[in-house]
Amino acid sequence: SLPFVILYRNEIVGQLNVANILHGSVSSCVLGYWIVPEVAGRGITPTAVALAMDYVFSSVGLHRVEIAIRPENKPSLRVVQKLGLRHEGLKQRFIHINNDWRDHLIFALTADEVPGGVLNRWLRGEVPKISYDF
């Protein structure tokens, strides 16, 4: 795994983890993140996620990044929408949280979909318009 902290104005405001890294024929990972509510909505999280994705694509050499989000987590859903991740489906009763198994929506992106990088595509306004129906 690759653990990262998210800094804003020299303070830790969140965390990002790249886990379940698999090389070889799978060449993928799972990415998760959180940020304190006080700085949400400032573009910090999408920037951090885009930077981490670019790092695993270019430096680690992975092909695919997957992100799992609870359906009610609208701010996290907005992050993947801003960055243009593809919605791949629903994993029912996927992760045990607060004494219950919770459903998660699955999003992914592959390196060949963003040859110029995730961050560059987002900053240049080249992310395809995606509307999720949930």
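The values are calculated or read from the model by the stated rules, or taken from the named source; none is laboratory data. It should be emphasised that the depicted structure is a prediction, and the values quoted were computed from it without experimental measurement. Cβ coordinates were reconstructed from backbone atoms using ideal geometry, including for glycine residues, and neighbour counts include every protein chain displayed. We work out accessible area using only protein heavy atoms, side chains counted, and drop any ligands, DNA or RNA first. Shrake-Rupley method; radii C 1.70, N 1.55, O 1.52, S 1.80 Å.
List of remarks:
- Per-residue SASA remark: W34, around 120 Å² accessible (1.4 Å probe; ligands, DNA and RNA not included).
- The separation of the range 2-18 from the range 58-101, counted between C-alpha centres, amounts to 18 Å.
- Once backbone amide H atoms are built at 1.01 Å from N, F94 has R102, D103, H104 as its partners under 5 Å, excluding neighbours fewer than 5 places away on the same chain.
- Efficiency of FRET between H96 and V26 - r from beta-carbon atoms, R0 22 angstrom, step 0.05: 0.35
- FRET efficiency for K129 and D103, using Cβ-Cβ distance with R0 set to 35 Å, rounded to 0.05: 0.85
- Solvent-accessible area of I69 with every protein chain in place, 1.4 Å probe, in Å² to the nearest 10: 10 Å²
- Heavy-atom accessible area with a 1.4 Å probe sorts E88, E66, largest first, into E88, E66.
- Accessible-area order (highest first, 1.4 angstrom probe) of the listed residues H87, H96, H23: H23, H96, H87
- Per-atom-type breakdown for the chain gives carbon and sulfur 51% of the accessible area (1.4 Å probe, protein chains only).
- Calculated over the chain: convex hull of Cα atoms, volume per residue (Å³): 122 Å³
- Protein heavy-atom accessible surface, 1.4 Å probe, per residue over the range 82-134: 65 Å².
- For the chain, DSSP calls about 90 percent of its internal beta bridges antiparallel.
- Relative contact order %, the range 1-96, counting alpha carbon pairs below 8 Å whose residues are six or more apart: 21 percent
- In the chain, helices alone account for a calculated mean residue ellipticity at 222 nm of -7000 deg cm²/dmol, with every DSSP H run of four or more residues adding -39,500 (n - 2.57).
- D112 sits with roughly 110 Å² accessible to a 1.4 Å probe, with DNA, RNA and ligands left out of the calculation.
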